[in-house]
Amino acid sequence: MDKAAFSVTADAVRGLIDHAILKPELTRSDVDAQLDEAAAYRVFSVCVRPSDVAHAVERLTGTGVGVGTVIGFPHGTTSTGAKVAESLQALADGAFELDMVQNIGAAKSGDWERVEADVRAVVDAAGSTVVKVILETAFLTDDEIVAASRAARSAGAAFVKTSTGFAGGGATAEHIALMRATVGPDTGVKASGGVRGLDTLLEMVEAGADLIGTSASARILDEVAHRAETGTASAVGDDTTSY
C-alpha cells in the first residue's frame, strides 16, 4: 500500500478491515448479527471461526464481503497435518483467505525449520488462496519476530500478522514497522489485536500495515463518518470491548 497516498475516507478504511468474529462463546445469533453488521458497513472481509465458514459464506453471498477463517487457532500448537486438514475443510466450505497461527512453541525454541515447514504445508494446501501467518508477537522478542517473519515469507505466505487477539497483547506500531522492514514491500502485513478505534488504525497504517483485523469495525467507520461531517474527532473513543 502507498501510505503517502492513503486518504481517510470511508471506502479507503473499509477496504482495510477484516472484521473478526472469533470469540468462542458467540452463539449463532451473535454471529449472524456480526455478519449483518459487516455487510451493512461493507468491510473488505470477515474472519470467522472454522465451523462458521459455510454459514457465513451463504449469509454474505451477494454482499461483496469475503469470508476468511483461522487455522490452528489460537495457540498454533496443533500438528501440521491437522492444520492442513483444517485448511482443506475451510476451502471446501468457501473460505477465501486463511489466517494460520505459527507453531509458537517451535518459534520460541528457535526451531525455524519446523516453523517454516509448518507454514509451507498450509501454503501448499491452500494453492492460490491467500495465507496469512499469525506470529503472536506478544510472546516474541524482536529477534524472534524478525526470524518468524522471514520464515513465513520463505514458506510462501502472502502476509504476516501480529496477533490472535487472545494472548493478552495485540498489535503495536513498533512491531508492525519491524515486520514491514523484515518482509519488504512484496509481503503483506496485517495488524490485529487491540485495534479498537480510528486513531489506532491510522497509526498501524502509518507503520506499514496493509490490513487491519478488528471487531471494532462499526466504531471505526462511524468515526470516519463523524470526522468527514464535522472535521473533528468524536468524544466516543475506542471500543474497549473489541479485540
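Pick from Ser163, Ser149, Ser217: which is over 12 Å from the mean Cα position of the chain (by Cα), surrounded by 20 or more Cβ atoms within 10 Å (Cβ to Cβ) and under 21 Å from Arg49 (Cβ atoms)? Every option except Ser217 fails the conditions. Taken over region 9-18, the residue count meeting the criterion of being farther than 12 Å from Gly165 by Cβ and within 11 Å of the chain's Cα centre (by Cα) is 2. When region 94-122 is examined, which residues are found to be open to solvent by 20 Å² or more (accessible area, probe 1.4 Å) and out of contact with any Asp or Glu (no Cβ under 9 Å at 6 or more places or on another chain)? Across region 94-122, the qualifying residues are Phe96, Ser109, Asp111, Trp112, Glu113, Arg114, Glu116, Ala117, Arg120, Ala121. Filter region 7-34 down to residues that are closer than 26 Å to Arg180 by Cα and open to solvent by 50 Å² or more (accessible area, probe 1.4 Å) and give me whichever is modelled with the lowest pLDDT. Checked region 7-34; the qualifying residue modelled with the lowest pLDDT is Ser7. The residues on offer are Asp36, Asp111, and the sole one that is over 20 Å from the mean Cα position of the chain (by Cα) and among the acidic types (Asp, Glu) is Asp111.
Quick check on my filter: what residues within region 11-53 are assigned to a helix (DSSP H, G or I) and closer than 30 Å to Gly184 by Cβ? If the condition is that a residue be assigned to a helix (DSSP H, G or I) and closer than 30 Å to Gly184 by Cβ, then Asp11, Ala12, Val13, Arg14 are the ones that fit. Only one of the numbered conditions (1) open to solvent by less than 30 Å² (accessible area, probe 1.4 Å); (2) under 25 Å from Ala39 (Cβ atoms); (3) not in a loop (DSSP other than H, G, I, E, B); (4) not β-branched (Val, Ile, Thr) is violated by Ser242, and that is (3). Pairs are defined by a Cβ separation below 7 Å, a sequence spacing of at least 6 or placement on different chains, a first member in region 92-119 that is assigned to a loop (DSSP other than H, G, I, E, B), and a second member that is at pLDDT 95 or above and acidic (Asp, Glu); the pairs so defined are Gln102/Asp118; Asn103/Asp118.
Exactly one residue out of Ala225, Ala148, Ala209, Ala171 is under 23 Å from Pro74 (Cβ atoms), assigned to a helix (DSSP H, G or I) and of a type in the set (Gly, Ala, Ser), and it is Ala148.
Do we have Gly68 as over 15 Å from Ser242 (Cβ atoms) and either free of Cβ contacts under 8 Å to residues at least 12 places away in the same chain or open to solvent by less than 50 Å² (accessible area, probe 1.4 Å) (or both) here? When the stated conditions are applied, Gly68 passes them. The single condition among (1) crowded, with 17+ Cβ neighbours inside 10 Å; (2) over 21 Å from Thr214 (Cβ atoms); (3) within 19 Å of the chain's Cα centre (by Cα) that Ser51 does not satisfy is (1). If you take the residues of region 220-233 that are open to solvent by less than 30 Å² (accessible area, probe 1.4 Å) and touching an Asp or Glu at 6+ places or on another chain (Cβ under 9 Å), which of them is farthest from Gly168 (Cα to Cα)? So the residue we want is Glu223.
The values are calculated or read from the model by the stated rules, or taken from the named source; none is laboratory data. Nothing here was measured: the structure is a model prediction, and the numbers come from that model. Because the Cβ atoms are built from the backbone with ideal geometry, glycine has one as well, and the counts that use them run over all protein chains shown. The accessibility values were calculated without ligands, DNA or RNA, using every heavy atom of the protein model including side chains. Shrake-Rupley method; radii C 1.70, N 1.55, O 1.52, S 1.80 Å.
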